[in-house]
Amino acid sequence: MPDRVLEVKNLSVDIPLAEGVLHAVDDLNIHVDKGETLCIVGESGCGKSLTSLAIMDLLPKKAIRKLHQLDLAGTSILDYSEKQMSDIRGNKMGMIFQEPMTSLNPAFTIGNQMVETLQRHRNISGENAKKTALIMLEKVGITAADQRLKQYPHQLSGGLRQRVMIAMTLLCEPELIIADEPTTALDVTIQAQILLLLKELQSEYEMGLILITHDLGVVARIATRVAVMYAGQIVEEGTVQQIFENPMHPYTRGLMRCIPVPGKTKPGEPLGSIPGMVPSLIGEFTGCRFADRCSHATDTCRSLNVNLRAEEENTQAYRCIIDPKTMAKVA
Amino acid sequence: MSDVMINASNVTRNFSISRGMFRGKKTLRAVNGVNLTVKRGEVLALVGESGCGKTTLAKILLGLLPQTAGSITLCGKPINEVPRLELARLVQPIFQDPYSSLNPRKSIGSIIGLPMHVQGVEDSHAIRRQVETTMDLVGLPSRLFGSYPNQLSGGQRQRVAIARALVNRPQVIVCDEPTSALDVSVQSQILNLLSDLRKELNLTYIIISHNLAVVEHIATRVAVMYLGRLVEEAKTTELFARPQHPYTVALLESVLTPEPSLGIPNTQLGASYPNPIDPPNGCAFHPRCARAMPQCSTQAPNGTRLGQAFVECHLYGDESH
């Protein structure tokens with residue numbers, strides 16, 4: 001499989017706490033192909049950010065990662081040492097975080113930081129590194145790039161900072177970019193520009209992109225495939241059309257009804273909502289994790305662990321035992 | 001004119017910004033000559049990019065910041081002459097982040113009851129009764145009376161913030177990004193609650209939001225701000241169906257609705273929001289405007305009324321006269 005950029009099998013993240021073990025991520029499988037955008041969507045606390053940290057081996061020290069397979073561009077990086085991992089991070093695997101101000105070093109100029117990234121991973125002279133940095137800044141649409149190189153992060157606006165972050169991530173032409181809420185801190189106008197830029201650069205460099213977000217609008221517009229997470233598990237996974245046009249899992253359906261859509265939801269009419277709260281993930285959990293908030297739940301739901309499965313070869317996989325026909329009737 | 005709640009005319013707020021020891025001060029016009037009328041029962045949404053002055057305007061309306069120039073009347077009385085306590089009884093805020101707007105050391109009951117103490121109510125039974133009625137109103141179970149904010153979920157905390165704002169039964173609520181710190185499923189609950197409360201208590205809302213889908217859903221009128229100026233104001237349905245100002249058009253284009261077939265819009269706005277200390281000459285929006293004309297860079301546009309709507313752009317109105 002030469003086109004597979006990332007393959008993750010059976011990922012679990014456990015966090016030991018005083019009250020017991022918190023199973024933050026439970027038996028998760030994801031893969032990303034070349035040029036593909038996988039969006040991981042879910043509410044806060046569903047484990048989407050921990051998943052990305054686990055892939056990069058950047059989990060907090062307390063957390064325990066269990067994995068069966070972790071392949072990056074066909075090579076297993078499961079048993080890599082910390083040194084080997086840090087050779088990969090920023091090189092083959094790029095990261096973009098939510099708040100660019102906290103991920104850029106305030107004490108160094110943009111140019112300094114970009115040159116450092118390049119020299120860390122490539123055998124390149126300072127002069128050439130600077131040239132590459134300049135080209136990359138122009139590529140992400142920054143004007144007067146040679147002046148920007150001399151500026152510090154606080155001298156740039158939020159949108160520009162995020163562009164600089166993207167330029168830095170692209171410097172070593174990574175195979176995979178993991179972007180965790182890259183546009184949440186930005187204005188809508190800037191958000192559209194940054195997403196457009198990411199999409200263009202992605203197809204130019206044929207990268208795999210994992211985008212983590214809670215914004216279903218962003219997901220719909222940029223994703224090729226979508227994984228919906230709930231309480232540490234993927235509850236539904238499929239192409240963007242499958243998920244948005246024909247959501248199957250009650251949670252996905254609930255989410256879709258919660259968002260006001262201009263032109264579809266009537267102004268002033270109440271929006272759908274999902275009652276209840278995410279269950280505690282401390283200790284062992286049996287049954288469907290969404291059962292307590294689901295209007296279709298039966299006793300079987302609460303006692304049976306259901307796997308992610310697809311009805312047919314070309315439909316999305318989801319984690320629910322309720323017959324879709326009965327669900328359609330009630331909903 | 002009892003049904004005009006707030007009338008702001010030519011409201012301006014300047015900040016003086018120090019630029020270092022020897023360079024003197026410069027004036028930043030955070031809000032620059034804004035005219036607004038809000039009627040009873042209306043939901044006015046203020047939208048715009050960060051730094052456009054929407055929060056400053058809200059603070060002026062709350063009486064937390066005095067305006068530099070212009071006048072605001074609340075129920076017909078100039079806002080500067082309304083005593084602080086009475087102003088607090090009439091206008092109440094709800095803030096963005098319920099994690100930082102609630103005191104972690106106070107119980108829910110005392111957080112919600114505090115505005116009553118401030119207003120001079122001393123009968124603790126009356127306070128408790130009123131707090132419990134209000135908790136019921138916003139959908140908080142009364143067993144949470146003695147709980148602390150850290151025991152509550154994000155949605156419940158925002159309900160506490162709403163209950164605190166409502167406990168003295170104000171007339172106007174100013175919500176600064178009331179749902180943007182919340183998850184999608186909780187956001188819809190809070191929006192539904194705000195709509196229900198408005199009908200039940202005949203409240204007037206001023207909502208600041210950058211989420212235009214939310215604005216379309218809840219607001220009756222929308223005011224678009226750009227660099228301290230009000231550039232367009234219209235009824236929500238009007239504005240979303242026929243945006244007039246090029247900035248409003250671009251803003252609406254950038255909204256990502258959950259429709260996979262549409263792709264990512266290219267708004268052609270350019271990356272840079274101008275420095276508010278040094279705004280462009282003429283129309284402040286002209287460097288980013290796709291329809292800019294020669295006069296836009298020299299002459300500031302005058303406001304034009306188009307029926308019920310207001311727009312400030314050279315494309316409309318009769319500048320030649």
(message) I want the antiparallel fraction of DSSP beta bridges within region B:4-312, as a percent rounded to 5.
(response) 65 percent
(request) Calculate the all-directions average of the projected area of region A:7-94's alpha-carbon convex hull, and give it in nm². (result) 6.2 nm²
(message) Looking at chain B, I'd like the Rg to Rh ratio, where Rg is from alpha-carbon atoms and Rh is Kirkwood's inverse mean 1/r.
(response) 0.99
(request) Any lysines with Cα under 23 Å of the A:Lys131 Cα? List them, leaving off those in the same chain fewer than 8 positions away. (result) A:Lys92, A:Lys139, A:Lys150
(message) Ignoring everything except DSSP H segments at least 4 long, calculate the 222 nm mean residue ellipticity for the protein assembly as shown; use -39,500 (n - 2.57) per segment, divide by total residues, nearest 500.
(response) -9000 deg cm²/dmol
(request) Determine the percent antiparallel among the DSSP beta bridges restricted to the protein assembly as shown, to the nearest 5. (result) 60 percent
(request) Send over the Kirkwood Rh of region A:106-171, from the inverse of the averaged 1/r over different Cα pairs, rounded to one decimal Å. (result) 11.5 Å
(message) What does the charge count around B:Cys75 come to, taking other residues whose C-beta lies under 11 Å from its C-beta (Lys +1, Arg +1, Asp -1, Glu -1)?
(response) 0
(message) Just to be sure I understand: with springs between alpha-carbon atoms less than 10 Å apart, which residue in B:Thr56, B:Thr204, B:Thr27 has the highest mean-square fluctuation in the Gaussian network model of chain B?
(response) B:Thr27
(request) Springs between alpha-carbon atoms under 10 Å, Gaussian network over chain A: tell me which of A:Ala73, A:Ala185, A:Ala54 tops the mean-square fluctuations. (result) A:Ala185
(request) Highest first, please rank the peptides A:45-52, B:10-17, B:116-123 by the mean number of other Cβ atoms sitting within 10 Å of their residues. (result) A:45-52, B:10-17, B:116-123
(message) For a protection proxy built on the mean count of beta-carbon atoms within 10 angstrom, sort B:82-91, B:164-173 highest first, please.
(response) B:164-173, B:82-91
(request) Would you mind telling me which residue in B:Ser147, B:Ser50, B:Ser18 has the biggest mean-square fluctuation in a Gaussian network model of chain B, where springs connect alpha carbons within a distance under 10 angstrom? (result) B:Ser18
(request) Compute the long axis of helix A:126-139 from its Cα atoms, compare it with the longest principal axis of the Cα atoms of chain A, and write down the angle in degrees, 0 to 90, nearest 10. (result) 50 degrees
(request) For A:Asp323 paired with A:Val21, estimate the spin-label separation in nm (one decimal), with each label point 7 Å from Cα along the Cα-to-Cβ line. (result) 3.8 nm
(message) Could you work out the percent of alpha carbon pairs in the protein assembly as shown separated by over 36 Å, rounded to a whole number?
(response) 45 percent
(message) For region B:190-321, take the convex hull of the Cα atoms, compute a quarter of its surface area, and give me that in nm², please.
(response) 10.1 nm²
(request) Provide the FRET efficiency to the nearest 0.05 for the B:Arg40-A:Thr300 pair, computing r from the beta carbons and using R0 = 60 Å. (result) 0.70
(request) Set the Förster distance to 25 Å, then compute FRET efficiency between A:Leu78 and A:Ala107 from the Cβ-Cβ distance, nearest 0.05. (result) 0.10
(request) Considering the convex hull of the alpha carbon atoms of chain A, report its projected area averaged over all viewing directions, in nm², one decimal. (result) 19.0 nm²
(message) Calculate log10 I(q)/I(0) of region A:59-133 for q = 0.11 Å⁻¹, where I(q) comes from the Debye formula with a single equal point scatterer on each Cα and nothing for solvent.
(response) -0.40
(request) Enumerate lysine pairs in region B:4-312 that are 8 or more residues apart or on different chains, then count those whose Cα atoms are under 18 Å apart. (result) 4
(request) May I have the count of lysine pairs in region A:1-76 with C-alpha atoms under 19 Å apart, counting pairs 8 or more residues apart or located on different chains? (result) 6
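Taken together, the values in this text are just the output of simple stated rules run on the coordinates, not laboratory data. Model, not experiment: these values are computed from the prediction. Every residue, glycine as well, gets a Cβ built from its backbone with ideal geometry; the counts of neighbours run over all protein chains shown.
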